[in-house]
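**Q** Just dropping this structure here.
The values are calculated or read from the model by the stated rules, or taken from the named source; none is laboratory data. In this text the structure is predicted, and so the values were computed from the model without any measurement. As a convention, Cβ positions derive from the backbone with ideal geometry for all residues, glycine included, and neighbour counts pool all protein chains shown.
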Amino acid sequence: MTVLAVDVGGTKLAASRWDGGLGEVHRVATGPDPWGALCTLLDPLADGVEALGVGCGGPMTWPVGEVSPLNIPAWRGFALRSALADRYGVPVRLHNDAVCAAAGEHWKGGWQTDDLLGVVVSTGVGGGIVSGGRLLDGAAGNAGHLGHIVVDPSGPECGCGGRGCVEAIARGPALVAWAAERGCEAASGVELAALAANGDALALKAFARAGHALGVGIAAAASVLDTSVVTVGGGISQVSSLWPSLWASVAQHARLSFLAGLRVMPAVLGQTAGLVGAAALVVEGDRYWSAG
Ligand SMILES: [Zn+2]
């Protein structure tokens, strides 16, 4: 079955044809006209495909697929699923991008487990859950949204309106802001990561602090879910100085006997996890798509 897999992000749009495996990945900038950019990307790839599988930044109403991505201000309540179905004349399945990434890791990451929590740490902190071998949706498709577990009730304000969420501490821009307040001149997560790689003490501390917050949140989620594998992907996860404090805080907080074998590991599919998961919504619908 030939599927067009699509990953809609605030900065980049990515797409690839799936035909037993992922083909060449095409990318364009999201820009100020995301629908125009998306059509430019997909039109040359859509010939002969039988369905579209799409991951998109949240929040959204699922499964109807009306999206209001935090990082795409041009879309508020935009009916992306039906707009794509109208344009390409094939069925479209659409889910949260972090949920797709979790599905992709479960399907093709080689973890050999029925219970996996997939976490994505980049501009935001999201996640998705596979439980009993099936993708967990929640009432509105947002199950697994680990970024808003509160790890420090008196911590920094969060974009959700709350305080001390994992995302408020561990999202890339929060790391950069925290370091800037202490005199660091890094203007982006990439620059901060470069400083950390060179042993800059403040940059190392920023990633250690994020790792600690992620570990606390992951320990909490793992105990609720009784999960056996947690994968952590996204740009921030590729910074090695994040991991020692993340693992230490998981070890400190995930203490129940049923969590003794918990594996918390870097995601293996990297930037393609979302596309693989988007394809899985269609190709492996029995496991990863519960809606109509
Ligand atoms: Zn929050």
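**Q** Count, please, the residues in the range 165-198 that happen to be in a helix (DSSP H, G or I), surrounded by 19 or more Cβ atoms within 10 Å (Cβ to Cβ) and small (Gly, Ala, Ser).
**A** Here the count works out to 8.
**Q** Only one of these conditions is not met by Ala291: (1) in a helix (DSSP H, G or I); (2) among the hydrophobic types (A, V, I, L, M, F, W, C); (3) within 16 Å of Val99 (Cα to Cα). Which number is it?
**A** For Ala291, the exception is condition (1).
**Q** Now for a separate question. Can you list residue pairs whose Cβ atoms sit under 8 Å apart, with the first residue in the range 38-66 being on the phi > 0 side of the Ramachandran plot and modelled with pLDDT of 95 or more and the second being of a type outside the set (S, T, N, Q) and surrounded by fewer than 21 Cβ atoms within 10 Å (Cβ to Cβ)? Count only pairs 6 or more apart in sequence or on different chains.
**A** Pairs that qualify, where the first residue is on the phi > 0 side of the Ramachandran plot and modelled with pLDDT of 95 or more and the partner is of a type outside the set (S, T, N, Q) and surrounded by fewer than 21 Cβ atoms within 10 Å (Cβ to Cβ), are Gly65/Ala79.
**Q** Here's a follow-up. Looking only at the range 183-195, filter to residues that are in contact with a helix residue (DSSP H, G or I) (Cβ under 6 Å, 6 or more places away or on another chain) and farther than 16 Å from Ser237 by Cβ; which one of those is farthest from the ligand (Cβ to nearest atom)? Before you say what the answer is, go through the steps one by one.
**A** Narrowing the range 183-195 to residues in contact with a helix residue (DSSP H, G or I) (Cβ under 6 Å, 6 or more places away or on another chain): 184, 186, 189, 192, 195.
Next, from what is left, pick out any that are farther than 16 Å from Ser237 by Cβ: 184, 186, 195.
Numbers: Cys184: 24, Ala186: 23, Leu195: 27 Å.
Taking the candidates together, the pick is Leu195.
**Q** Let me ask something additional. I want to confirm something. Restricting to the range 108-164 and keeping residues that are β-branched (Val, Ile, Thr), in contact (Cβ under 8 Å) with a residue 40 or more places away in the chain and within 11 Å of the ligand (Cβ to nearest atom), which single residue is surrounded by the most Cβ atoms within 10 Å (Cβ to Cβ)?
**A** Among those residues, the one meeting the criterion is Val125.
**Q** Only one of these conditions is not met by Leu70: (1) surrounded by 15 or more Cβ atoms within 10 Å (Cβ to Cβ); (2) among the hydrophobic types (A, V, I, L, M, F, W, C); (3) within 16 Å of the ligand (Cβ to nearest atom). Which number is it?
**A** (1)
**Q** Name the single residue that is farthest from Asn142 (Cα to Cα) among those in the range 79-91 being surrounded by fewer than 23 Cβ atoms within 10 Å (Cβ to Cβ) and out of contact with any helix residue (DSSP H, G or I) (no Cβ under 8 Å at 6 or more places or on another chain).
**A** The initial filter retains those residues of the range 79-91 that are surrounded by fewer than 23 Cβ atoms within 10 Å (Cβ to Cβ), namely 79, 82-83, 85-91.
Now restrict to residues that are out of contact with any helix residue (DSSP H, G or I) (no Cβ under 8 Å at 6 or more places or on another chain): 79, 82, 85-86, 89-90.
On the way: Ala79: 17, Ser82: 20, Ala85: 22, Asp86: 25, Gly89: 27, Val90: 25 Å.
Looking at residues that are surrounded by fewer than 23 Cβ atoms within 10 Å (Cβ to Cβ) and out of contact with any helix residue (DSSP H, G or I) (no Cβ under 8 Å at 6 or more places or on another chain), I get Gly89.
**Q** Scan the range 1-26 for residues that are within 13 Å of Cys100 (Cβ to Cβ) and outside any strand (DSSP E or B) and jot them down.
**A** Gly9 - this is the single residue of the range 1-26 that is within 13 Å of Cys100 (Cβ to Cβ) and outside any strand (DSSP E or B).
**Q** Taking Arg87 as meeting all but one of (1) in contact (Cβ under 8 Å) with a residue 40 or more places away in the chain; (2) among the charged types (D, E, K, R); (3) within 16 Å of the ligand (Cβ to nearest atom), write down the number of the exception.
**A** For Arg87, the exception is condition (3).
**Q** A further question follows. Among (1) under 24 Å from His95 (Cα atoms); (2) out of contact with any helix residue (DSSP H, G or I) (no Cβ under 7 Å at 6 or more places or on another chain), where does Asn198 come up short?
**A** (1)
**Q** Separate question: Of the residues Cys184, Cys100, which single one is of a type outside the set (Asp, Glu) and touching a residue at least 40 places away in the same chain (Cβ under 8 Å)?
**A** Working: Cys184 fails: touching a residue at least 40 places away in the same chain (Cβ under 8 Å).
On inspection, the qualifying residue turns out to be Cys100.
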